[in-house]
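S.K.: Below is one structure. I have some questions about it.
What follows is calculated from the coordinates using simple rules that are stated; it is not laboratory data. Note that the coordinates shown come from a computational prediction; the quantities given were computed from them, not determined experimentally. Using ideal geometry, Cβ is built from the backbone for each residue, glycine included, and neighbour counts are taken over all protein chains shown.
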Amino acid sequence: MLIRTIATVAALALAMPVAAQGIPKAQSPEEVGFVSHRLKRLTDRIEEGIKNNELPGAVVLIARNGKIVMFDAFGFRDKEAKAPMKTDTIFRIASMTKPITTVAAMMLMEEGKLTLADPVSKYIPAFADTKVSVPKKNADGTVEMSLEPQFRPMTIQDLMRHTSGLTYGAAGSNPVKQSYVDIKAMAPDQTNAEMVEKLSKLALLYQPGTRWEYSMSTDVLGRVVEVASGMTLDKFIEERITKPLRMGDTGFEAAPDKKDRGARPQKEGPKNEMPNIPEITLRSTWKSGGGGMVSTAADYARFLQMFASGGQLDGARIISRKTIDLMTADHLPPDIVMGDDMWRFEALEPSKRMGQGFGLGFAVRNDQGRNPLPGSPNDYYWGGAYGTYFWHDPRERMYVVFMMQSQTARLPYRYLMRDLVYQALIGN
């Protein structure tokens, strides 16, 4: 009896990573249209990359037709400590926070507490007076910046689709981006209220609605959630999204007793330096709606399965089916222009020339072709600066979560994931 009990406990422990998601596992990849020996190409390529020091380790989760096709860990959770990667490893997901914050705002829309057409100044009055920076070229060739009023106020929709005129800070010749650095716009010891008060005093980079500029827009949206709901952003997300979806390892930091589950990067880049990726247990006053959360592949799969299931999962209704339709449509105007340095997104740029646009919280694919990466019209995706990436392809009834902590490998592996997942998908 004792031997049988020990064996049963061991079997349950091995099954736990999949069971913890509440998403059933396919009997084989072939059951849901994949080919096992072709999926092995993906496995082999990741293992080759780890051997060649391209990345320290990764977790891959693929689901189709509501069933897990692949849920594997590769390499090291912490290479310096020689700690192996596990499927329950917790990652800093950076901008994969944005879809979660956007869902929080859409929940408030469904409750009549905000609308997408609302001006941001309705919730953050200081933005009513924010001016727009306009470059003026002098006769001697020098450029100086002047200020003009907003032609129309930035809206909640602008925040969700990154057409607000806000930007990210960067040291250099652009005075608006430099100003974000000067005021420490992303300081960890500020509240969301303090953050938006500082941003509202800076000039906008562009007129709202005229350019797609990846930005702190979703951070500002996080403050809108706080004002409209009367709750702090972290509490709203915990009580209204992660708890109902049983995403127990997802939040703005992990509990101290989970520190040994945190993924760590390796030295990389031309100077062979450790990238500045915060520990998962680091607690900040600032709850960044644009990039502050931690999660696991299994937890994020539950978030995506909620989308795949029409806005609910295991009896927890988060948003409606029609709200998902709205979020996953392209919201960029036909005359939108990409910001001056948005070319750095390469194949992920949400532009017409790439056959893509931007919905509410993530990029969306509009056309088959033009983009060098495989996919389907109406698939949607986003990633984080620390290496994590997801996409959901409703036409193929499939979503993929790729978790790693690397900044230099993030674009190459997003491309590889697309190529190697779709080449293994043969059946209907």
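S.K.: Can you sort Thr89, Thr102 by how many other beta carbons sit within 10 Å, fewest first?
M.R.: The fewest-first ordering by Cβ neighbours comes to Thr102, Thr89.
S.K.: What is the Å³ per residue value for the convex hull set by the Cα atoms of segment 104-229?
M.R.: 98 Å³
S.K.: Another question, if that's okay. Could you name the aspartates and glutamates in cross-link range of Lys51, using Cα to Cα under 15 Å and dropping any fewer than eight places away on the same chain?
M.R.: Counting by Cα, and skipping residues close in sequence, Lys51 has these aspartates and glutamates nearby: Asp78, Glu80, Glu268.
S.K.: Using only Cα atoms, locate the centre of segment 202-231 and the centre of segment 85-145, then give the distance between them in Å, rounded to an integer.
M.R.: Comparing the Cα centres of segment 202-231 and segment 85-145, I get a distance of 2 Å.
S.K.: Now for a different question. For Asp367 and Arg45, calculate 0.36 nm times their separation in residues minus their Cα-Cα distance, and state this gained length in nm to one decimal.
M.R.: On the way: separation 322, 0.36 × 322 = 115.92 nm, distance 2.82 nm.
Answer, rounded to one decimal: 113.1 nm.
S.K.: Could I ask something else about it? Can you give the local net charge around Gly172? Use residues other than it whose beta-carbon is closer than 14 angstrom to its beta-carbon, Lys and Arg +1, Asp and Glu -1.
M.R.: -1
S.K.: Moving on. For the pair Ser36/Ser173, report the inter-label distance in nm, with labels modelled 7 Å from Cα in the Cβ direction.
M.R.: Calculated label separation equals 5.8 nm.
S.K.: Next question, about the same structure. Normalising by the residue count of segment 104-229, find the relative contact order in percent from Cα pairs under 8 Å and 6+ residues apart.
M.R.: 34 percent
S.K.: At 7 Å along the Cα-to-beta-carbon direction for both Glu111 and Lys67, put a label point, then send me their distance in nm to one decimal.
M.R.: Here the answer is 3.8 nm between the modelled labels.
S.K.: Would you mind computing the Rg to Rh ratio of segment 348-428 from its alpha-carbon coordinates, Kirkwood style for Rh? It would help to have the intermediate numbers written out before the result.
M.R.: Values: Rg = 12.2 Å, Rh = 12.9 Å.
Rg divided by Rh gives 0.94.
S.K.: To make sure I understand the rule: partners must be lysines, Cα under 17 Å from the Cα of Lys259, and not fewer than 8 residues away in the same chain. Which ones qualify?
M.R.: Within the straight-line cut-off, Lys259 pairs with Lys79, Lys82, Lys86.
S.K.: Given the convex hull over the Cα atoms of segment 190-264, what projected area results after averaging over all orientations, in nm²?
M.R.: Reported value for the Cα convex hull: 7.5 nm².
S.K.: Moving on to the next point. Using only Cα positions of segment 193-321, each an equal point scatterer, no hydration layer, compute I(q)/I(0) via Debye at q = 0.12 Å⁻¹ and quote the log10 values to two decimals.
M.R.: -0.63
S.K.: Where Lys and Arg each count +1 and Asp and Glu each count -1, what net charge lies around Ser200 among other residues with Cβ under 14 Å from its Cβ?
M.R.: Numbers: positive: Lys122, Lys131, Lys198, Lys201, Arg223; negative: Asp129, Glu194, Glu197, Asp219.
Once all neighbours under 14 Å are counted, the net charge is +1.
S.K.: Quick check: pseudo-label points 7 Å beyond the Cα along Cα→Cβ at Lys271 and Arg246, how many nm apart are they?
M.R.: 4.6 nm
S.K.: What relative contact order, as a whole-number percentage, does the chain give when Cα pairs under 8 Å and 6 or more residues apart are counted?
M.R.: 22 percent
S.K.: So which of Lys235/Lys258; Lys137/Lys271; Lys25/Lys98; Lys113/Lys243 end up more than 26 Å apart, counting from Cα to Cα?
M.R.: Lys137/Lys271; Lys25/Lys98
S.K.: For the residues Asp249, Asp88, what sequence is obtained by ranking on other C-beta atoms within 10 Å, fewest first?
M.R.: Values: Asp249 22, Asp88 18.
Arranged by neighbour count, lowest to highest, Asp249, Asp88 become Asp88, Asp249.
S.K.: Using all alpha carbons of segment 17-160, what is the percent of pairwise distances in each 5 Å bin, ordered from the shortest bin to the longest?
M.R.: Bin by bin from 0 Å, the calculated values are 2, 7, 10, 10, 11, 10, 9, 8, 9, 11, 8, 4, 1, 0, 0.
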